[in-house]
């Protein structure tokens, strides 16, 4: 069952919104991250000194690297040790279905970071901001790790913020935790009994500034020699083809390349994620899905599922109501986001999350005795339901624009045939282009299986093409 952090803590969703506290959906990866760059202009009192705290932390590592005479000496080992970060437990960003914890930086990655940092320091560069840009050059260092590294360094500031807003939100279930020599009163998760760390919206982005290509683009634009080298080695489309190691090898050839990159980063103008417009489709799906389920109720009749036919009937009703919501009730409008004077199709994951929110709401409203969860890690979101050990149901949602939409159906057919449990599955394809080719192939394949008397995942085609406005139809 989907739950907001505010609901789990016994708080109020609107109060979270008023205070600017991020209210994540538990069990679903939101793909929003703490951006250290945004700490430069935060208005959160507890985080006012966080940027300086980060700067000091990295400056100390640079001092150690400058003192190091060889790999493995005392100074090097201390620098290496300080770049190992354990995951910060209980952060309410929402990293996935089975954990709200982040990504640790272990010994192997820390060793790579020390190597890269040492190379930069040996160029004569002592700017601590370089540690935030390292993700541009390390394959295993992405937005999640930069976010978690930042949180680890400023954890005491974040704990103090959490402590204050917990009081202002009137959250009752709290516990005192000793962190080092200090004690903090933090909210407790009703699911795990462990502390929950709250975050302000104003320090979150869907991609930290340091990991965007703005800095690299600037360096390439002003550096003709570098631009020619990239074009010669990789071609004019280098941006979409280049690997991090290749970029590292080229940028690190000259000190000025790195200093220009640092200058571009420090002069960036960036804002936190737009939670109102939700351009990347990270947050609004939950509210929209629940609202559509509430405004367009569905009677599932069977509350107590005892066999596979009842489970299949329940999932079919939910899937067909989802189809109706898109084709008749206007949900298709939310599959697109306005950009200037045009509308851009939202990513497939957004449609999957919408289905999850709606299906979960229907199950909750009808008090069905089904265990339900999204398979919501970093990949596609599949809606899964179960009853006991044997009864299993799966719903996959794909956009017709997905190049693998037909392969995906074949894959589900194979899994369906090989399953030893009593299962049922549905394959929902939302048409978002005018082309009929892929949907025709899917329908043909489904009908072939049925005509042969073989089992196959039930196929449902949904028309999600954005309709022209009334004025344009005239």
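Observations on the model:
- Secondary-structure-derived ellipticity at 222 nm for the chain, considering helices only, amounts to -13500 deg cm²/dmol, per-run term -39500 (n - 2.57) for DSSP H runs with n ≥ 4.
- Computed lengthening from residue 253 to residue 270, 0.36 nm per intervening residue step minus Cα-Cα distance: 3.3 nm
- For the chain, share of DSSP beta bridges that run antiparallel, in % to the nearest 5: 65 percent
- The chain, relative contact order [Cα under 8 Å, separation at least 6], %: 14 percent
- Among 280-287, 81-88, 173-180, 404-411, sorting by the average number of other beta carbon atoms lying within 10 angstrom of each residue, highest first, gives 280-287, 81-88, 404-411, 173-180.
- On the beta carbon distance between residue 73 and residue 341, with R0 = 51 Å, the FRET formula returns roughly 0.25.
- Based on the Stokes-Einstein relation at 4 °C and a viscosity of 1.567 mPa s, and on the Kirkwood radius from alpha carbon pairs, the chain is assigned a translational diffusion coefficient of 52 µm²/s.
- Sorted peptide list for 436-442, 155-161, criterion being average Cβ within 10 angstrom, highest first: 155-161, 436-442
- Per residue, the convex hull spanned by the Cα atoms of segment 285-473 measures out at 133 cubic angstrom.
- Segment 314-366 and segment 155-182: distance between their alpha carbon centers, rounded to Å: 37 Å
- Computed from the alpha carbon atoms alone, the convex hull of segment 256-318 holds 169 Å³ per residue.
- Highest-first arrangement of 9-16, 339-346, 353-360, 272-279, where packing means the average Cβ count within 10 Å: 353-360, 9-16, 272-279, 339-346
Laboratory data are not the source of any read-out in this text; all were calculated from the coordinates shown. Remember, predicted model here, so these are calculated numbers, not experimental data. Here the Cβ is made from the backbone with ideal geometry for all residues, glycine too, and neighbour counts use every protein chain on show.
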